[in-house]
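What follows is a short report on a single structure.
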Amino acid sequence: MSEYKPMSCLPVLALRGLVIFPDCVTHFDVGRKKSVRAVEEAMRTDQMIFLVAQRELEDDDPKKADLYEVGTVAVIKQILRLPGDNVRILVEGKYRARLLDCIHSEPYLFGRVVELDEPDYNHNLLRLQALVRQAHELFAQFIDLAVKSGQDNLLPALAADDPGRIADMIGQNATFPYDQKQQILEQLHPVRRLELTIRLLAQELDILQLESEISEKVQENVSKNQRDYYLREQIHAIREELGEDDTDEED
């Protein structure tokens, strides 16, 4: 039986097209006045904030019904004031939590959240070892295809052996749509979460491979056109030197 988790009352920051995972450190910009005030309130108290994705990207003033229920309680590690009223914050995800209700929505969202437990699982399953290896292999391929620089911060995902942590780190760093990342966040069972992440990562690799092939073909066509243009310009220059007429294509 899981240990009782008390509720916490925290500022709520609605994320647009972004999902933050536990045990992951990332930064992003905050621009909406209500969101900036939620950050300022968190900094005024214990720096803890509930980060949760909104369902519709176009919604500029989301209420509780417009937010996903499951998000991440995080600590704000750093805040940087940007030109205008925007701020950039560095956060570290701490644990999954469910938004129970909103105490108020003005001048910022403030709600009650409760921590979500991960269910137990058998750590010694051979299938689990196979899943971990497959996740490592697929994520290494993803790094090669999609990441051009700054690979060092992705290496912990390749070294981890905890299925839930691997899934979270891949979910944070892979180029999944935010609604797919939300699916990973909402899956509490570590092994099922890793299975889901592997499926999504395999699909993403197929898309990246196709994009790479298309890009290569486009580049080949561009290179051929550039080469043909260069040769035509050379022929034109040679004819000018010889005093020949460019219109005499047969010569």
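For this structure, a couple of remarks:
- Relative contact order (percent, whole number), the chain, Cα cutoff 8 Å, 6+ residue spacing: 18
- Using the Cβ-Cβ distance between ASP101 and ALA146 with R0 = 30 Å, the FRET efficiency computed as 1/(1 + (r/R0)^6) comes to roughly 0.15.
- For LEU82 and GLU241, the difference between the fully extended length at 0.36 nm per residue and the C-alpha to C-alpha distance is 51.4 nm.
- Rounded accessible area per residue of the stretch 85-198, 1.4 Å, Å²: 50
- Considering only VAL30, TYR95, ILE166, and ranking their Cα positions along the charge dipole of the chain that arises from unit charges at the beta-carbon of Lys, Arg, Asp and Glu, the one farthest toward the positive end is TYR95.
- Whole-number D in µm²/s for the chain (Stokes-Einstein; Kirkwood sum over Cα pairs; 20 °C, 1.002 mPa s): 101
- Net +/- balance of residues flanking ARG98 in space, Cβ distance below 9 Å, scoring K and R +1, D and E -1: -1
- Computing FRET efficiency as 1/(1 + (r/R0)^6) for LEU125 and VAL218, where r is the C-beta to C-beta distance and R0 is 45 Å, gives about 0.50.
- Taking Cα atoms only, the orientation of helix 163-173 departs from the longest principal axis of the chain by about 50 degrees.
- Given 16 as the ceiling on other Cβ atoms within 10 Å, longest exposed-site-free region of the chain for chymotrypsin sites (Phe, Trp or Tyr not before Pro) in DSSP loops: 122-251
- Placing MET7, MET43 in order of accessible area, with the largest value first and a 1.4 Å probe, yields MET7, MET43.
- Pairwise FRET efficiency - ARG133 versus THR45, Cβ, R0 = 35 Å, nearest 0.05: 0.20
- Whole-angstrom gap from the stretch 75-89 to the stretch 1-46, using each part's C-alpha centre: 13
- Accessible surface of the chain, 1.4 Å probe, proportion on carbon and sulfur as whole %: 49
- Summarising the amide proton neighbourhood of GLY111: residues at separation of 5 or more, or on other chains, whose placed amide H is nearer than 5 Å comprise LEU10, VAL12, ILE103.
- Cα gyration tensor category, rounded, prolate or oblate, for the stretch 38-146 with a/c compared to 1.5: prolate
- Helix-only [θ]222 nm of the chain, DSSP H runs n ≥ 4, -39500 (n - 2.57) each, per residue, nearest 500: -15000 deg cm²/dmol
The values are calculated or read from the model by the stated rules, or taken from the named source; none is laboratory data. Keep in mind that this is a model prediction, so the values were computed, not measured. When we count neighbours, we look across all protein chains shown, and the Cβ atoms used for this are built from the backbone with ideal geometry, even at glycine. For the accessible areas, the whole protein counts, side chains as well, though only heavy atoms, and no ligand, DNA or RNA atoms are used. Shrake-Rupley method; radii C 1.70, N 1.55, O 1.52, S 1.80 Å.
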